[in-house]
Amino acid sequence: PGPNVPPVYGLEVSDLLRWEEDVLKPALEIVESFIQGREPPAEPVKMEYDINENKRSHRVCELCDRVIIGDREWAAHTRSKSHLHHLKKRRKLEAASRAADTKGDSGGAETRGEDSSSLLP
């Protein structure tokens, strides 16, 4: 959505028996009106957009190793299933790493204590 995007029209396509009346005829009328330079008989779908939204921002998701262009795309990416999967995986690895560090620190303290006592005169 935005000022440079052409209008989008919605047509009722749920009843295949009425395809020509509900889809084909209105679509042809819309296209014909554009070709002739007059107002189409149907109203375009209203698309909400934020004029402050930056569509050209570049962000790098180091977690997923992807470049994301645009604020809206970034927001969608951070909520995506693949990004959340990578996030969960990283948190799990970090928790395991912290647990290993904690285990190693307690053993290292005892060794340091023994070493320092042997250095005293």
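The values are calculated or read from the model by the stated rules, or taken from the named source; none is laboratory data. Bear in mind the structure is a predicted one, so any value in this text is a computation, not a measurement. No Cβ is skipped: glycine too gets one built from the backbone with ideal geometry, and neighbour counts run over all protein chains shown. These accessible areas exclude ligands, DNA and RNA; they are computed on the full protein's heavy atoms, side chains included. Shrake-Rupley method; radii C 1.70, N 1.55, O 1.52, S 1.80 Å.
The H on the amide N of Arg66, modeled in the peptide plane, is under 5 Å from the matching H of Cys61, each at least 5 residues off or on a different chain. Simple spin-label estimate for Arg98 and Ile69 gives 3.8 nm between the two label positions (7 Å along the Cα-to-Cβ direction from each Cα).
Only aspartates and glutamates eight or more places from Lys103 in sequence, or on another chain, were considered; those with a Cα closer than 17 Å are Glu94. A 1.4 Å probe run over segment 58-100, with the rest of the protein chains in place, finds 82 Å² accessible per residue.
Here the spin labels are modelled as points 7 Å beyond Cα on the Cα-Cβ line, and at Val45 and Arg59 they lie 2.5 nm apart.
Which lysines, if any, have their Cα less than 30 Å from the Cα of Lys25, not counting same-chain residues under 8 positions apart? The qualifying lysines are Lys46. Computed from backbone phi, the HN-Hα couplings of segment 93-103 come to 5, 5, 5, 5, 5, 4, 5, 5, 5, 5, 5 Hz, rounded to whole numbers (Karplus: 6.51 cos²θ - 1.76 cosθ + 1.60, θ = phi - 60°; Gly and Pro given as x).
Among Arg91, Arg18, Arg56, the sequence by solvent-accessible area, most first, with a 1.4 Å probe is Arg56, Arg91, Arg18. Applied to segment 16-22, the Karplus parametrisation 6.51 cos²θ - 1.76 cosθ + 1.60 on θ = phi - 60° returns per-residue 3J(HN,Hα) values of 5, 5, 10, 4, 5, 6, 8 Hz, with x for Gly and Pro.
Grab the beta carbon distance between Val8 and Lys89, set R0 = 22 Å, and tell me the FRET efficiency rounded to 0.05.
The formula returns an efficiency of 0.05 here.
Accessible-area rank, largest first, for Arg79, Arg90: Arg79, Arg90, with all protein chains present and a 1.4 angstrom probe.
With the whole protein complex present, Glu20 retains an accessible surface near 130 Å², based on a 1.4 Å probe.
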